[in-house]
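Here is the structure we will look at.
Where a number appears in this text, it was derived from the coordinates with a stated rule and is not lab data. This is a predicted model, so every value here is computed, not measured. When we count neighbours, we look across all protein chains shown, and the Cβ atoms used for this are built from the backbone with ideal geometry, even at glycine.
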Amino acid sequence: MRSPNPLDEAILEVVRSVPAGRLLSYGDVAEIVVDLGSGCSARRVARTMADFGDEVPWWRVVQAAGTLAEPVAFQARRLLAAEGVAVDGRLVPLERLRWRPSPTELALIRERLRQ
DNA sequence: CTCTTGACGCCGG
DNA sequence: TCCGGCGCCAAGA
């Protein structure tokens with residue numbers, strides 16, 4: 001298994017910052033990482049989740065349509081329900097629970113990455 | 001080097 | 001709503 005590079009670290013740090021019960025899409029994570037200064041994309045985030053997701057609350061990252069990614073849908077459904085998220089089949093209320101880092105939160109993430 | 005393969009996403013039909 | 005088509009991008013074959 002490959003080891004995480006700086007871009008992976010940035011992605012993982014963002015996902016780690018998502019509070020329980022809140023959600024983002026792969027694309028949202030990518031946007032935030034871009035704001036942090038690295039180039040990124042939804043597909044790139046998905047790859048990092050596939051490789052290193054178990055190090056972070058990966059289940060809070062869902063598809064843009066509010067659907068759970070097929071390969072991990074079963075586990076995600078259980079973990080999300082455990083933190084109070086209403087799961088309807090493969091659908092979750094992304095619009096209602098979407099998380100965006102505040103400027104200060106963003107600064108904190110930047111700080112944590114500066115190691 | 002080319003071609004395929006995804007925990008993706010937007011647009012049309 | 002549910003596909004199909006594309007664009008995207010890095011990893012493997």
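Output the residue which, of all residues in the stretch A:92-114 that are of a type in the set (A, V, I, L, M) and under 17 Å from the mean Cα position of the chain (by Cα), is farthest from A:Ala82 (Cα to Cα).
So the residue we want is A:Leu113.
A quick yes/no check of all residues on (1) over 20 Å from A:Ser3 (Cα atoms); (2) in contact with a Leu (Cβ under 6 Å, 6 or more places away or on another chain):
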| site | (1), (2) |
| --- | --- |
| A:Arg22 | yes, yes |
| A:Gly27 | yes, no |
| A:Trp58 | no, no |
| A:Glu70 | yes, no |
| A:Asp88 | yes, no |
| A:Leu94 | yes, yes |
| A:Arg100 | yes, no |
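For the stretch A:1-26, give me the residue count where each residue is hydroxyl-bearing (Ser, Thr, Tyr) and either more than 13 Å from DNA strand B (Cβ to nearest atom) or part of a loop (DSSP other than H, G, I, E, B) (or both).
Of the residues in the stretch A:1-26, 2 are hydroxyl-bearing (Ser, Thr, Tyr) and either more than 13 Å from DNA strand B (Cβ to nearest atom) or part of a loop (DSSP other than H, G, I, E, B) (or both).
Can you name the residue in the stretch A:27-75 that is within 9 Å of DNA strand C (Cβ to nearest atom) and in a loop (DSSP other than H, G, I, E, B) and, of all such residues, is farthest from A:Arg96 (Cα to Cα)?
A:Gly39
Do we have A:Ala86 as touching a strand residue (DSSP E or B) at 6+ places or on another chain (Cβ under 6 Å), within 16 Å of DNA strand C (Cβ to nearest atom) and not in a helix (DSSP H, G or I) here?
No: the conditions fail for A:Ala86.
Go through the stretch A:1-34 and report how many residues are surrounded by fewer than 15 Cβ atoms within 10 Å (Cβ to Cβ) and within 15 Å of A:Leu113 (Cβ to Cβ).
Qualifying residue count, the stretch A:1-34: 4.
How many of the residues in the stretch A:30-62 are within 10 Å of the chain's Cα centre (by Cα), within 21 Å of A:Glu83 (Cβ to Cβ) and near DNA strand B (Cβ under 8 Å from one of its atoms)?
Residues meeting the conditions: 7.
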